[in-house]
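Heads up: the structure comes next, in structure tokens.
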Amino acid sequence: MPHSDTTPVSASIATTGQSFRYIGNYVYGFSGTFEASNASADMFSFTTGSGIIVGEFTFNGQVRYVSGSAGGHSVFELQLNDLTVGVYKTETAASDMPSQLFQRVVIPPQTKVLVKCISGEDTSTELLTCLFHGRVYGAE
């Protein structure tokens with residue numbers, strides 16, 4: 001059977017964005033990279049599908065190596081249906097590198113998910129990301 005030159009519509013590719021991607025019974029998300037700006041940034045903002053999601057968030061803070069860069073701290077907030085269910089702090093001082101937090105979660109079906117990051121500094125040398133991977137159960 002010859003190999004097709006095109007990518008089928010049903011194929012999934014690695015992309016960043018504010019929602020999760022579904023591949024069969026698996027789900028993942030990459031927020032992309034945000035620079036610390038002393039403000040709040042929405043990393044994920046969407047509504048889940050019909051299945052229950054069991055998975056894990058990885059919250060990352062990293063200081064780029066630049067002479068004199070110090071880093072500081074950032075707070076990640078997880079909201080489900082407009083209720084804060086978790087607040088996680090990362091320390092991004094050079095002595096604390098790398099700064100990663102792992103949080104296992106169960107997300108019910110048809111749930112509004114919001115993950116935002118509130119950075120404590122305003123510096124382009126501090127980078128923040130959020131990753132998610134999990135499994136979907138009972139999707140119709």
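Numbers for the structure displayed
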| item | result |
| --- | --- |
| Leading residue by the ranking (modelled with the lowest pLDDT) among those in region 73-82 that are in contact with a Gly (Cβ under 6 Å, 6 or more places away or on another chain) and buried (at least 19 other Cβ atoms within 10 Å of the Cβ) | Ser74 |
| Condition check for Met97: at pLDDT below 85 and surrounded by 14 or more Cβ atoms within 10 Å (Cβ to Cβ) | yes |
| Failed criterion for Gln18 (all others in (1) within 10 Å of the chain's Cα centre (by Cα); (2) surrounded by fewer than 18 Cβ atoms within 10 Å (Cβ to Cβ); (3) part of a strand (DSSP E or B) hold) | (3) |
| Residues of region 102-116 classified as over 12 Å from Ser45 (Cα atoms) and outside any loop (DSSP other than H, G, I, E, B), total | 6 |
| Among residues of region 25-47, those that are more than 20 Å from Pro108 (Cβ to Cβ) and assigned to a loop (DSSP other than H, G, I, E, B), counted | 5 |
| Gln62 vs. criteria under 12 Å from Cys130 (Cα atoms), in a loop (DSSP other than H, G, I, E, B) and at pLDDT below 90 | no |
| Cross-chain or 6+ apart pairs with Cβ under 6 Å, region 122-135 first and closer than 13 Å to Ala41 by Cα and at pLDDT 85 or above, then not in a strand (DSSP E or B) and not aromatic (Phe, Trp, Tyr) | Thr129/Ser31; Thr129/Thr33; Cys130/Ser31 |
| Count of residues meeting criterion [of a type in the set (A, V, I, L, M, F, W, C) and at pLDDT 90 or above] in region 24-54 | 8 |
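The values are calculated or read from the model by the stated rules, or taken from the named source; none is laboratory data. This is a predicted model, so every value here is computed, not measured. Note that we place each Cβ from the backbone using ideal geometry, even for glycine, and neighbour counts take in every protein chain shown.
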